[in-house]
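The values are calculated or read from the model by the stated rules, or taken from the named source; none is laboratory data. Since the model is a prediction, treat every value here as computed from it, not as a measurement. Cβ atoms come from the backbone with ideal geometry, glycine included; neighbour counts cover every protein chain shown. Surface accessibility is based on the protein's heavy atoms, side chains included, excluding ligands, DNA and RNA. Shrake-Rupley method; radii C 1.70, N 1.55, O 1.52, S 1.80 Å.
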Amino acid sequence: MQIGFVRAAVVLGLLAVVGPFAIDLYLPATPQIVQDLQTDDAGAHLTFTVYFIAFGVAQLVYGPIADWLGRKPPIFMGLVVFIIGSIICAQADDIFALTLGRFVQALGAAAPMVIVRAVVRDLHTGTQATRLMALVMLVISISPLLAPLTGSFIIDFGSWRLIFWVLAVIALAAMLLTAFQLPETLAPDRRVGIDAKALLGSAIFLLRDFKFMGLTLISGFSLASFFVFIASAPMVYMSHYALTPKEFSLVFALGASGFFGASQFAASLGQKYGMARAALWATLGFASATSLLFVLVWLGQDHLAILMSLFFVGNTCLGLVIAPTMVMALEEHGEHAGMASSLGGTLQMVAGGLMILVCSPFFDRTPLPLVGAVAVCAVTAFVLALLTLRPEPEGTATA
């Protein structure tokens with residue numbers, strides 16, 4: 001069964017949004033959670049770290065299963081686990097229970113994300129795959145644009161616990177979407193049985209592939225900057241700058257709009273200039289904007305307008321990095337797209353989780369540690385891009 005381009009983007013985007021929604025929906029509630037569960041900022045950061053690392057490691061499981069059973073069965077498995085995790089979070093009476101629930105949630109949320117990337121690779125390659133990935137990301141953009149604002153209304157109506165019941169309902173809706181709107185894209189004759197030795201060999205091969213690892217880490221450190229921002233921004237904006245949850249949600253949405261808006265030009269720029277060239281220049285812009293922001297804040301220019309403006313520029317450049325690097329990383333590994341997608345996703349998410357863990361002791365609800373951590377991620381991504389990407393000569397871009 002075939003699936004149209006736009007329909008594929010909508011369905012895959014709505015499935016992939018489950019994991020990000022579980023992050024963004026409860027951002028405005030972070031200060032309330034810290035107070036109600038009698039914890040501190042480090043405890044709140046741990047719920048993000050655990051989520052990202054579990055989300056990443058779980059992809060190593062779902063990728064091979066998706067290559068063995070097809071794309072749809074693992075999605076159902078993951079969403080059931082996600083619902084269980086959401087219920088644990090909703091009933092948590094301390095930060096440890098909430099962290100456990102977030103761990104279980106992430107184990108389930110990984111399934112739709114990794115399989116969405118594999119489905120994109122099943123359907124298209126080259127700039128067409130970049131175009132589809134960009135459209136999927138456009139659908140995913142409803143999460144940072146609407147989820148924090150929705151979360152702020154939920155906590156006005158009830159409490160932060162209600163957020164996790166809403167997430168369970170969203171996962172149930174995603175199961176229905178998978179059942180009735182997503183065709184199976186991996187034909188039976190293309191499926192690969194689970195062979196531990198073969199999987200280990202495939203993983204070792206990918207880990208030794210310089211291009212695959214370079215592209216994966218470029219997108220990994222780029223995403224890590226966003227994860228660090230997600231973990232710390234609620235405290236910085238709502239404590240240091242005294243924004244209300246709704247004001248924070250709007251500011252967060254504005255910054256995210258640059259990322260997702262720019263991602264829609266990734267395919268056309270890649271087709272015109274080559275995906276490698278476009279991604280290289282985008283990482284340069286990302287590193288430049290965030291480094292400038294760090295210098296300004298370090299010099300005492302602690303103004304919300306400056307922070308918002310340069311984060312917007314940085315996020316806009318970031319939107320031209322993620323989709324092309326993900327596509328290029330999978331381009332030469334179609335025969336094991338599930339494993340390549342899951343390993344790549346694992347490395348990306350673990351990088352983000354570890355960055356939060358490393359930076360957490362320095363976060364003090366002021367902007368300097370936040371912008372410093374983001375700048376470090378951005379500069380690292382740019383250095384990796386210089387080492388990895390070999391821009392195609394103009395006129396030879398992938399069609």
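Filter the stretch 195-204 down to residues that are surrounded by 12 or more Cβ atoms within 10 Å (Cβ to Cβ) and more than 14 Å from S341 (Cα to Cα), then give me how many there are. Write out each step before concluding.
So in the stretch 195-204, the residues surrounded by 12 or more Cβ atoms within 10 Å (Cβ to Cβ) come out as 195, 198-199, 202-203.
After this cut, where a residue has to be more than 14 Å from S341 (Cα to Cα) as well, the list is 195, 198.
Number satisfying all stated conditions: 2.
Quick test of your reading of the structure: E332 fulfils all but one of (1) at pLDDT 85 or above; (2) surrounded by fewer than 24 Cβ atoms within 10 Å (Cβ to Cβ). Name the failing condition by number.
Failed condition: (1).
Answer with yes or no whether L296 is open to solvent by 30 Å² or more (accessible area, probe 1.4 Å), modelled with pLDDT under 85, of a type in the set (A, V, I, L, M, F, W, C) and touching a helix residue (DSSP H, G or I) at 6+ places or on another chain (Cβ under 8 Å). If you could, list the steps in order and put the result at the bottom.
On the way: open to solvent by 30 Å² or more (accessible area, probe 1.4 Å): yes; modelled with pLDDT under 85: no; of a type in the set (A, V, I, L, M, F, W, C): yes; touching a helix residue (DSSP H, G or I) at 6+ places or on another chain (Cβ under 8 Å): yes.
In short, no.
Kindly evaluate F221 against the criterion of being part of a helix (DSSP H, G or I), of a type in the set (A, V, I, L, M, F, W, C) and without any contact (Cβ under 8 Å) to a residue 60 or more places away in the chain.
Values: part of a helix (DSSP H, G or I): yes; of a type in the set (A, V, I, L, M, F, W, C): yes; without any contact (Cβ under 8 Å) to a residue 60 or more places away in the chain: no.
In short, no.
Within the stretch 180-216, which residues are more than 30 Å from V383 (Cα to Cα), among the small types (G, A, S) and touching a residue at least 40 places away in the same chain (Cβ under 8 Å)? Talk me through it step by step, then tell me what you get.
Residues of the stretch 180-216 that are more than 30 Å from V383 (Cα to Cα), as a first pass: 180-199.
If we keep only those that are among the small types (G, A, S) as well, we get 187, 193, 196, 198.
Scanning the stretch 180-216 gives a single hit, G193.
For the stretch 130-186, give me each residue that is of a type in the set (S, T, Y) and either over 22 Å from the mean Cα position of the chain (by Cα) or not in a helix (DSSP H, G or I) (or both).
S141, S159, T185
Tally time: how many residues in the stretch 335-366 are at pLDDT 75 or above, assigned to a helix (DSSP H, G or I) and over 22 Å from the mean Cα position of the chain (by Cα)? Give the steps one after another, and end with the answer.
Taking the stretch 335-366 first, the residues at pLDDT 75 or above are 340, 343-366.
Keeping just the survivors that are assigned to a helix (DSSP H, G or I) gives 340, 343-362.
Applying the additional criterion that residues be over 22 Å from the mean Cα position of the chain (by Cα) yields 361-362.
Result for the stretch 335-366: 2.
Give, as residue ranges, the helices (runs of 4 or more DSSP H) completely inside the stretch 1-92 that count at least 1 residues that are closer than 16 Å to P234 by Cβ, open to solvent by 50 Å² or more (accessible area, probe 1.4 Å) and among the small types (G, A, S). Full working, then the answer.
Details: elements: 5-16, 18-24, 30-36, 41-69, 72-90.
Passing ranges, in order: 41-69.
Is the stretch 107-123 home to any residue that is open to solvent by 20 Å² or more (accessible area, probe 1.4 Å), under 19 Å from A8 (Cα atoms) and of a type outside the set (D, E, K, R)?
For the stretch 107-123, residues open to solvent by 20 Å² or more (accessible area, probe 1.4 Å), under 19 Å from A8 (Cα atoms) and of a type outside the set (D, E, K, R): present.
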